[in-house]
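Asker: Dropping the structure in here first, questions after.
The values are calculated or read from the model by the stated rules, or taken from the named source; none is laboratory data. Since the model is a prediction, treat every value here as computed from it, not as a measurement. Positions of Cβ are generated from backbone atoms using ideal geometry, with glycine treated the same way; all protein chains shown enter the neighbour counts.
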Amino acid sequence: MIPGLDAAFAAAGAAGWGAVAYGRLAPAMSPAARERAEEACPCPAAVLVAAFPYYAGNRPGNLSLYARGRDYHAVVTARLNTVCSFLKEHYPGYLFLPAADNSPLPEREAARLAGLGMMGWNGLVILPPYGTYLFLGTILTDAPLPVEEVPPSPDCPGCGRCVSACPGGALGPDGFALERCLSHLTQKKGELTEKENALVAAHPLVWGCDFCQRVCPFNDHPALSPLPEFTCGLVARVAPEDLEGLTNRAFQEKYGAYAFAWRGPAVLRRNLELQKKKE
Ligand code: SF4
Ligand code: SF4
């Protein structure tokens, strides 16, 4: 690739990275996703994809481990921006667009095609020693980077623990059923069906679900993240009294920098209420 690029990703805090030609990734994208990507970058040539570790230990709490730290969209994008600055020095005049979980690019498929880590049955990228506790980020570019075609990431060993542990039955031989995933349901706005209510009520977390990660053998003793945004000043638990009397604005002032706050306080209050009724 480009001399110094490995070091630039490492300095940005990435535990690993890879690259894939846009032409290889595009068939995995919907027409609408391609349109959006190509509107932002009219002559896309490549996607760089990087993994940022977030594991900060296993303190008890009712928020998913990924959501306890600073909002990863902003953190990962800012960190990737430093890599973009490096690349712009080598490719002046070209576009380098960083994103994390908020772009039309299918990040996990980009990681798979770039040969990054392993692809878990739980749908997550596994990258020892960090296990699955990773945020993915991408850089879309029109620069003619020398991207090598590498073999795609292998699948995980398929022990099946994640499938057995899934409380909503969202993982199975037919793939992933979003509508039964507790991570999705705890973040879903508005009215839930009776069945969804029951699933959330029986769940120990008010935001997210770590079951399919906690049981994965690659997460037995994951390495701690070196990134302070994901390891310092964490909020592990939200109790009803923490939200009492908070307007949306006050909630954003108190928690807006955290990854669990983007839906506002209403879904958290609903989930807390459902779980209280069950007690
Ligand atoms: S996050 Fe929870 S509900 Fe969703 S697939 Fe994993 S174990 Fe199943
Ligand atoms: S729990 Fe087993 S099957 Fe699931 S992702 Fe981890 S290694 Fe793969």
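Asker: Just checking, does the range 86-97 include any residue being surrounded by fewer than 21 Cβ atoms within 10 Å (Cβ to Cβ), under 25 Å from P31 (Cβ atoms) and touching a His at 6+ places or on another chain (Cβ under 9 Å)?
Answerer: No - not one qualifying residue is present in the range 86-97.
Asker: May I ask you to say which residue of L140, L116 is assigned to a loop (DSSP other than H, G, I, E, B) and crowded, with 18+ Cβ neighbours inside 10 Å?
Answerer: From the options L140, L116, the qualifying one is L116.
Asker: Would you pick out the residues in the range 171-187 that are outside any strand (DSSP E or B), surrounded by fewer than 18 Cβ atoms within 10 Å (Cβ to Cβ) and within 9 Å of ligand 1 (Cβ to nearest atom)?
Answerer: Passing the criteria: A177, L178, H184.
Asker: Here's something else I'd like to know. Could you identify the single residue in G160, G175, G169 that is on the phi > 0 side of the Ramachandran plot and within 12 Å of ligand 2 (Cβ to nearest atom)?
Answerer: G160
Asker: Okay, moving on. For N197, which of the numbered conditions (1) surrounded by 14 or more Cβ atoms within 10 Å (Cβ to Cβ); (2) over 23 Å from the mean Cα position of the chain (by Cα); (3) assigned to a loop (DSSP other than H, G, I, E, B) fails to hold?
Answerer: Evaluating N197 over (1) surrounded by 14 or more Cβ atoms within 10 Å (Cβ to Cβ); (2) over 23 Å from the mean Cα position of the chain (by Cα); (3) assigned to a loop (DSSP other than H, G, I, E, B) leaves (3) as the failure.
Asker: Can you list the strands (runs of 3 or more DSSP E) lying wholly within the range 1-107 that have 3 or more residues being closer than 30 Å to D242 by Cβ and modelled with pLDDT under 95?
Answerer: Answer list for the range 1-107: none.
Asker: Do we find a residue being in contact (Cβ under 8 Å) with a residue 24 or more places away in the chain, at positive phi and surrounded by fewer than 21 Cβ atoms within 10 Å (Cβ to Cβ) anywhere in the range 120-127?
Answerer: Yes, the conditions are met somewhere in the range 120-127.
Asker: Let me ask something else. Just to be sure I understand, how many residues within the range 202-239 are more than 16 Å from ligand 1 (Cβ to nearest atom) and either at pLDDT below 95 or in a loop (DSSP other than H, G, I, E, B) (or both)?
Answerer: Going through the range 202-239 one residue at a time, the tally reaches 16.
Asker: Among the residues of the range 13-49, which ones are closer than 19 Å to T77 by Cβ and among the aromatic types (F, W, Y)?
Answerer: W17
Asker: OK, next. Examine the range 137-148 for a residue that is over 17 Å from Q275 (Cα atoms), within 15 Å of ligand 2 (Cβ to nearest atom) and either touching a helix residue (DSSP H, G or I) at 6+ places or on another chain (Cβ under 8 Å) or polar (S, T, N, Q) (or both), and state whether such a residue exists.
Answerer: For the range 137-148, residues over 17 Å from Q275 (Cα atoms), within 15 Å of ligand 2 (Cβ to nearest atom) and either touching a helix residue (DSSP H, G or I) at 6+ places or on another chain (Cβ under 8 Å) or polar (S, T, N, Q) (or both): absent.
Asker: So which residues in the range 119-137 are aromatic (F, W, Y) and part of a loop (DSSP other than H, G, I, E, B), if there are any at all?
Answerer: Answer for the range 119-137, where residues must be aromatic (F, W, Y) and part of a loop (DSSP other than H, G, I, E, B): W121, Y130, Y133.
Asker: What pairs come up if the first residue lies in the range 146-175 and is free of Cβ contacts under 8 Å to residues at least 12 places away in the same chain, the second is within 9 Å of ligand 2 (Cβ to nearest atom), and their beta carbons are under 7 Å apart, counting only those six or more places apart or on different chains?
Answerer: As it stands, the answer is G172/V163, since those pairs meet every condition given.
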